[in-house]
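K.L.:
First the structure, which I've put down as structure tokens, then a few questions once you've had a look.
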Amino acid sequence: MIRVSLCFVAFALFSLSLLGSVNATSWVDLKPEEVIERSTVIVQGKYDFSHKRKGSNFIWVGYDFKVERVYRGGVPSTIIAGIDGFDVGWVDEIQQADGSFVLFLEQSDKMDYLTPVGGPNGMIHIQNNEVQHHDEYEKSVFTNFLNNTKSYAPHPDGKAESIGNSNIFLIIVICLLLLLSIVYFVYRNVKLRKNRP
């Protein structure tokens with residue numbers, strides 16, 4: 001009888017340990033430099049939790065993410081970004097308090113949308129235009145990256161367009177056209193003078 005009771009207690013403890021591992025996802029803490037390096041797309045904006053956009057696997061759920069700024073990659077104003085299903089609550093609370101997120105995204109195996117590098121490692125909370133982070137070193141690395149990286153507006157066709165660079169490009173094109181026009185008129189006048197009797 002004691003043996004049966006001990007087996008039952010052992011089975012119950014084992015079952016509880018399995019349930020505990022299913023209800024929470026633990027992520028390895030990554031260095032901010034690795035998060036930045038692994039990212040193929042870096043965007044700032046907010047998740048739209050009004051409805052699930054894509055199916056989930058064991059960890060990820062895909063939601064629309066409204067892009068305000070692009071730091072890396074060419075993306076439209078709305079993308080599908082993954083989030084650990086257990087992170088939805090605290091992320092939604094931050095967004096309700098006018099916070100936003102910079103997502104450092106990568107393509108995960110067997111996922112048809114981008115996911116944050118290392119789960120919450122790749123989700124940086126922004127409040128009042130400042131990085132919010134519990135670790136001062138990581139906060140300074142992400143702050144320096146964002147301050148020293150040109151940002152772009154999301155583009156309707158998914159191509160990143162630099163704010164300001166498009167104006168510079170237009171000015172350069174106009175200057176080149178003016179220069180070509182001047183060279184043409186000078187050449188034409190010189191040629192006309194030579195052909196005069």
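K.L.:
Can you work out which of the residues in the stretch 102-136 that are within 20 Å of V28 (Cβ to Cβ) and of a type in the set (D, E) is surrounded by the fewest Cβ atoms within 10 Å (Cβ to Cβ)?
P.N.:
D109
K.L.:
Which residue out of R72, R53, R3 is modelled with pLDDT of 95 or more and out of contact with any His (no Cβ under 9 Å at 6 or more places or on another chain)? Don't jump to the end; show me each part of the working.
P.N.:
Details: R53 fails: modelled with pLDDT of 95 or more; R3 fails: modelled with pLDDT of 95 or more.
Selected residue: R72, the only one of R72, R53, R3 that is modelled with pLDDT of 95 or more and out of contact with any His (no Cβ under 9 Å at 6 or more places or on another chain).
K.L.:
On to the next question. Out of all the residues in the stretch 65-82, which are assigned to a strand (DSSP E or B) and either outside the structural domain of P156 (by TED's automatic domain parsing) or of a type in the set (A, V, I, L, M, F, W, C) (or both)? Don't jump to the end; show me each part of the working.
P.N.:
From the stretch 65-82, those assigned to a strand (DSSP E or B) are 65-72, 78-82; that's our starting set.
Result: F65, V67, V70, I79, I80, A81.
K.L.:
Would you pick out the residues in the stretch 90-127 that are modelled with pLDDT under 95 and out of contact with any strand residue (DSSP E or B) (no Cβ under 9 Å at 6 or more places or on another chain)?
P.N.:
Matches in the stretch 90-127: D109, K110.
K.L.:
Taking the options G85, G99, G45, G62, name whichever one is buried (at least 20 other Cβ atoms within 10 Å of the Cβ), more than 13 Å from the chain's Cα centre (by Cα), assigned by TED's automatic domain parsing to the domain that holds E138 and in contact (Cβ under 8 Å) with a residue 12 or more places away in the chain.
P.N.:
Values: G85 fails: buried (at least 20 other Cβ atoms within 10 Å of the Cβ); G99 fails: buried (at least 20 other Cβ atoms within 10 Å of the Cβ); G45 fails: more than 13 Å from the chain's Cα centre (by Cα).
Unique residue meeting the criteria: G62.
K.L.:
Right, another one. Give me the pairs, please: first residue somewhere in the stretch 165-191 and under 28 Å from T149 (Cβ atoms) and of a type outside the set (F, W, Y), second residue anywhere and at pLDDT 75 or above and not in a helix (DSSP H, G or I), beta-carbon distance under 9 Å, and either six or more positions apart or on two chains.
P.N.:
Going by the 9 Å Cβ cut-off, the qualifying pairs are N165/K150; N165/Y152.
The values are calculated or read from the model by the stated rules, or taken from the named source; none is laboratory data. Small disclaimer: the values here were computed from a predicted structure and weren't measured. Cβ atoms come from the backbone with ideal geometry, glycine included; neighbour counts cover every protein chain shown.
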